[in-house]
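Right, one structure below, let's go through it.
Just so it is clear, none of the values below were taken in a lab; they were calculated from the coordinates. On a predicted model such as this, the values are computed, not experimentally measured, just so you know. Cβ sites come from the backbone with ideal geometry, for glycine too, and all protein chains shown count toward neighbours.
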Amino acid sequence: QVQLVQSGAEVKKPGASVKVSCKASGYTFISYGITWVRQAPGQGLEWMGWISGHNDDTQYAQKIQGRVTMTKDTSTGTAYMELRSLRSDDTAVYYCARGGDAITSYGYWGQGTLVTVSS
Amino acid sequence: DVVMTQSPLSLPVTLGQPASISCRSSQSLVHSDGATYLNWFQQRPGQSPRRLLYKVSNRDSGVPDRFSGSGSGTDFTLKISRVEAEDVGVYYCMQGTHWPPDTFGQGTKLEIK
C-alpha cells in the first residue's frame with residue numbers, strides 16, 4: 001500500500017535551516033511528484049511547492065522562494081524539503097503529499113512533521 | 001493567485017442533519033482542457049488532511065456516499081446528507097486549475113451541536 005513516512009519533529013532557532021524528509025513506498029517513486037504543504041498552529045493549509053518524480057523540475061510558492069529547496073533521492077524513494085533562514089512564523093506542521101494528475105494528486109499524505117522555530 | 005473563499009467558517013450541525021459548505025474562487029476554475037480542478041479535503045483533529053472529492057464531484061475510494069460535491073465556474077458546494085460523529089473536523093476546498101500555486105480555502109470547522 002502507498003505510504004509516505006516523514007522525519008521527526010524539529011526545534012530550530014531563528015535563522016537556522018531545517019530539512020524534512022518524506023520516504024515513499026508502495027508505488028513507483030519516479031512516476032509521481034511530491035507536493036509540500038504546511039499548516040501553522042490553528043491555521044489553514046498552505047501550498048509550498050512541488051518536485052517532479054522523474055526529473056528535477058520544481059515549483060515553489062512565491063512567499064518562500066529563495067529560502068526553500070526541494071530535492072529527492074530516487075535510489076531511496078525519498079523527497080526532501082529544506083527551508084533556510086527560519087523565522088518564528090515558519091513554525092508549522094509540514095506535510096508531503098503524492099503528486100500526479102487530477103485523480104492521483106493529494107490522494108496520499110505523510111503524517112506531518114512539526115517544525116518549531118524558537119529562540 | 002486564485003483566492004478561494006469558504007463559508008461558513010464554522011458549522012454546528014445536529015447529528016443526522018444535512019450540512020453544506022460553499023467555496024467560491026476569484027476566477028473561473030475551468031481549465032483550458034475543459035476540466036475543473038476543484039478538490040475537497042477533510043482534516044479530522046490531529047490527523048493529516050484526506051482528500052474526499054476531486055474534479056468537483058468525484059468521490060475518493062472509501063469516502064461515504066453521504067458526501068457529494070457540485071458546482072461550476074466559480075461556485076462550488078460540498079454537501080453531507082446526514083452528518084455523523086466521525087465527520088467532525090475542518091473541511092477545505094482547493095483549486096488546482098491555475099497551478100502553480102494550488103490554493104486552499106480558509107477551512108470550515110464542522111462540529112456537532
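Some observations on this one:
- Less than 5 angstrom separates the built amide H of B:Thr97 from those of B:Tyr37, all sequence-distant by 5 or more or on a different chain.
- Lysine pair count for the protein assembly as shown [Cα-Cα under 24 Å; pairs on different chains or 8 or more apart]: 12
- Contour excess over end-to-end distance, with Cα ends at A:Glu82 and A:Asp56 and 0.36 nm allotted per residue: 7.8 nm
- Net lengthening on full extension, B:Asn58/B:Ser22 (0.36 nm per residue, minus Cα-Cα): 11.3 nm
- Residues whose amide H comes within less than 5 Å of that of A:Lys12, counting only those at least five positions distant or on another chain, are A:Thr116, A:Val117, A:Ser118 (H built at 1.01 Å from N in the peptide plane).
- Here the Kirkwood formula puts the hydrodynamic radius of the range A:34-85 at 11.8 Å, using every distinct Cα pair.
- Cβ-Cβ FRET estimate between A:Gln111 and B:Ser72, R0 fixed at 25 Å, reported to 0.05: 0.10
- The protein assembly as shown: mean projected area of Cα convex hull, nm²: 12.5 nm²
- Net length available on complete extension from A:Val2 to A:Gln43 is 12.0 nm, with 0.36 nm assigned per residue and the Cα-Cα distance removed.
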